[in-house]
Amino acid sequence: LLLILISLFACSCSDIFNDKNTVSFYSSISSKVGTKAIFGDDDTNDHQMILWEDGDGVRIYSDHAMDIENNHYSDYAVTRVGESNGRSKGKLENINDLPLLWSHVYSGPYNFYAVHPISQISDGGIISNTIPNDELLMVAQSNVPNIESKINLEFNPAFSAFRFFIKPEKDGIKIKKLWVKSLTGQSLSGNFTANIANIISGNYEIPEEA
């Protein structure tokens, strides 16, 4: 009886998820904007290209793909593979041995949401993080109609990195302090939540909550 129960349990798991059905991801950074995971050397149209750096962490969430422990998200690391057409490109490899898997009982559609650096992410692509952050926050969303072998996640920066060049009117004057203040009264730092779809469309305000 014990052998039969074990056999039935094993079959049930393999019917739903199988390692051969691991979701494969590639990443690129949108060529429409420029700021930083790290800055490139060359300015293009008054901005610098964003470049992936080996080891950049990414969390990916899916509404229907799950790992073998039934989690809807998993963490990946970027390996930079080069630049083309104004985009930095990389491949994503799972870092916790729990990659997202296609379902055997659901054909699609699938939604995938991704955030760099690794942050809290929940259903519908809602992310939580803190400003300021040492790393540029970038997000991506991919919607696929059915099971596909590879998915490209195009990342867009959620915030710009501002670089100030300040020169006194007269030589010898030293600037000791600099204040940056919101004209609308919104907080420029602290905890926040935001919707990835709104960030990508540009229809958002940060922080949406603070």
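Values in this text are rule-based calculations from the coordinates and carry no lab data. All figures in this text were calculated on a predicted structure; none of them were measured in a lab. With ideal geometry, Cβ positions are generated from the backbone for all residues, glycine too; neighbour counts draw on all protein chains shown.
Looking at segment 78-159, what % of the alpha carbon pairs are farther apart than 20 Å?
Counting every Cα pair in segment 78-159, those more than 20 Å apart make up 43 percent.
Using a 7 Å offset from the Cα along the Cα-to-Cβ direction at both Glu83 and His64, what is the distance between the two label points in nm, to one decimal?
Distance between label points: 3.8 nm.
What FRET efficiency would be calculated for the residue pair Ile147, Asp123, taking the C-beta separation as r and a Förster radius of 22 Å, to the nearest 0.05?
0.60
Please find the FRET efficiency linking Ile131 to Ile173, where r is the Cβ-Cβ separation and R0 is fixed at 22 Å, and quote it to the nearest 0.05.
In this case the efficiency is close to 0.10.
Would you please give the residues with an amide H less than 5 Å from that of Asn129, counting only those at least 5 places away or on a separate chain, with H modeled from the backbone geometry?
Phe192
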